[in-house]
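Colleague: This is the structure I want to talk about, given as structure tokens.
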Amino acid sequence: MDWHEFPILAGTVSTLLFVVSYMPMLVKAFRTRDLESYSLGNLAIANVGNGVHSIYVFSLPPGPIWVLHSFYVVSTAVMLVWHRLYAGRKASQPRPEEPLGCRA
């Protein structure tokens, strides 16, 4: 492997690690609808920051950073929407016999 390929490999590995580390939070928020521990202000600022940072990221050549940033943009936007929909309401746990994603 040429040493010039290491940054792409490192970017790919770090992107996969970040996505894998973030998924449990997203799944838990989706399943329980409990977003009380998330700050609305933090989620709003993170979304504004993502919008501004997108100008920089998407000016770079396509690569792992595009995937990582796109995932972060989508996941923080989803968390903000869920926070607005579910924060302040009683969190619910899905019943054991209820398959994931079959809630009304």
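Derivation of every value follows stated rules applied to the coordinates shown; laboratory data play no part. Model, not experiment: these values are computed from the prediction. Cβ placement follows ideal geometry from the backbone for every residue including glycine, while neighbour counts extend to all protein chains displayed.
Colleague: Using a 7 Å offset from Cα along Cα-Cβ at Leu17, what residues in segment 31-65 end up with backbone N under 16 Å from the label point?
Modeller: 64-65
Colleague: What label, among (1) 63, 24, 13; (2) 53, 31, 20; (3) 39, 25, 23, belongs to Cα extents along the principal axes in Å computed from the structure on display?
Modeller: Correct label, based on the coordinates given: (2).
Colleague: Sort the following peptides by mean Cβ neighbour count (other Cβ atoms within 10 Å, averaged over residues), highest first: 74-85, 5-16.
Modeller: Numbers: 74-85: 15.9, 5-16: 12.5.
Packing proxy ranking, top to bottom: 74-85, 5-16.
Colleague: How far is it, in nm, from the label point at Lys28 to the one at Leu60 when both lie 7 Å from their Cα along the line to the Cβ?
Modeller: 2.8 nm
Colleague: So what is the relative contact order of the chain, in percent, for Cα pairs below 8 Å that sit 6 or more residues apart?
Modeller: Details: 63 pairs, mean separation 42.7, N = 104.
Reported as a whole number, the value is 41 percent.
Colleague: May I ask you to derive the FRET efficiency for Phe71 and Met1 from their Cβ-Cβ distance with R0 = 22 Å, giving the value to the nearest 0.05?
Modeller: On the way: r = 26 Å, r/R0 = 1.17.
The pair Phe71/Met1 has a calculated efficiency of 0.30.
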